[in-house]
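Where a number appears in this text, it was derived from the coordinates with a stated rule and is not lab data. Since the structure is predicted, the reported quantities are computational estimates derived from the model, not experimental observations. Cβ placement follows ideal geometry from the backbone for every residue including glycine, while neighbour counts extend to all protein chains displayed.
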Amino acid sequence: MELIQKIEELKRKRNAIILAHNYQSCEVQEVADYVGDSLELSIKAAQTKADVILFCGVRFMAETASILSPEKIVLMPDKNSGCPLADMVDKKSLKNWQKKYPDSTTVAYVNTTAAVKAESDICCTSANADKVVSSLDNPQVLFVPDKHLAHWTAERVPHKKIIPYPGYCPVHMKILAEDVLRMKKKYPGAEVIVHAECSPSVIALSDRVLSTGGMCKYAMASKAKEFIVGTEVGIIHRLKKENPGKDFYPANEFAVCSDMKLITLEKIVTSLSEMKDEVKVPEKIRENARKPIERMLEIN
Ligand code: 13P
Ligand code: SF4
């Protein structure tokens, strides 16, 4: 309680907004002004009038906020909160890969570093990957870095040739087809909703493939009373809170993103009182990384 009061006071003092990803722990989600998926959080970050954005998510999300709002102070409560998927491709390997397919358009999943975005044509998230790819004139697309989202998008947009970079999310890789089959047997009436970062064998067993924000919207709209959820377990808190009459079961309770979970209420207090750790993208990279993000936001 004391921590929550301190956070409220510091938020007022700093004119700060707290943005939290759907995978944050329940305590962190509860102190946030806004909880959402990558796309929703980028839009919020671009629109807010606050002076300070305290980003409870992983580094690429805070970087995106800083790229879109360079005049604001963007803080991360724990500077070590990275994304292993985003770190699977760097600028050098992307440039080498692009050389192999010179006539392609590069689509960068928002789960990439600012330096990788700066070398890409347009960004996407799991909420809009099919829309982004469909909007392109070029029939050949390099999709970086998540091979599973690339595979799912290729199925949805068959008139494009999508060449996937071989990256993957280690957290979503923990969710296996066997897990989904076991849970379906236990809860035969449940709908299976999974994230697009899951492997094709898990996706094949699902009823819906969605972003985390898409899962929240879908769970509210669906007539189903039970759901098997194939993504990071933090989202279960929000799903239960928003749908008191419905039950949500993680497909695999060990699908935990340890980077997301580095953020705690104590670290939020320290971050707002000491104004650390600030995320700043060097101006030259920022200028080039902004373009693919804005192109994505324009088509939403
Ligand atoms: P969303 O954009 O669906 O929230 O996904 C972000 C992410 O990191 C998934 O692992
Ligand atoms: Fe990155 Fe996977 Fe964690 Fe999402 S769940 S932030 S993709 S490591």
Give the residues of segment 110-147 that are within 16 Å of ligand 2 (Cβ to nearest atom) and free of Cβ contacts under 8 Å to residues at least 60 places away in the same chain, sorted by residue number. 112, 113, 116, 143, 144, 147
Return the residues of segment 146-190 that are in contact with a Lys or Arg (Cβ under 8 Å, 6 or more places away or on another chain) and closer than 27 Å to residue 135 by Cα; say none if nothing qualifies. 154, 164, 165, 166, 167, 168
Within segment 23-35, residues under 19 Å from residue 217 (Cβ atoms), crowded, with 24+ Cβ neighbours inside 10 Å and in contact with a strand residue (DSSP E or B) (Cβ under 6 Å, 6 or more places away or on another chain) come out as 24, 35
Would you call residue 17 closer than 22 Å to residue 290 by Cβ, away from ligand 1 (no atom under 13 Å from the Cβ) and touching a helix residue (DSSP H, G or I) at 6+ places or on another chain (Cβ under 8 Å)? yes
Can you say whether residue 281 is away from ligand 1 (no atom under 16 Å from the Cβ), β-branched (Val, Ile, Thr), touching an Asp or Glu at 6+ places or on another chain (Cβ under 7 Å) and within 22 Å of residue 56 (Cα to Cα), as far as the supplied structure shows? yes
Of the residues in segment 153-192, those that are free of Cβ contacts under 8 Å to residues at least 40 places away in the same chain, more than 16 Å from ligand 2 (Cβ to nearest atom), under 25 Å from residue 260 (Cβ atoms) and in contact with a strand residue (DSSP E or B) (Cβ under 6 Å, 6 or more places away or on another chain) number 1
Has segment 118-136 got any residue that is under 13 Å from residue 281 (Cβ atoms), surrounded by 22 or more Cβ atoms within 10 Å (Cβ to Cβ) and not aliphatic (A, V, I, L, M)? no
All-but-one check, residue 183 against (1) more than 29 Å from residue 82 (Cβ to Cβ); (2) in contact with a Ser or Thr (Cβ under 6 Å, 6 or more places away or on another chain); (3) aliphatic (A, V, I, L, M), failing number (2)
Do the conditions hold for residue 232, that is, is it more than 16 Å from the chain's Cα centre (by Cα) and closer than 24 Å to residue 33 by Cα? no
Out of segment 220-235, which residues are among the hydrophobic types (A, V, I, L, M, F, W, C) and away from ligand 1 (no atom under 14 Å from the Cβ)? 220, 221, 224, 227, 228
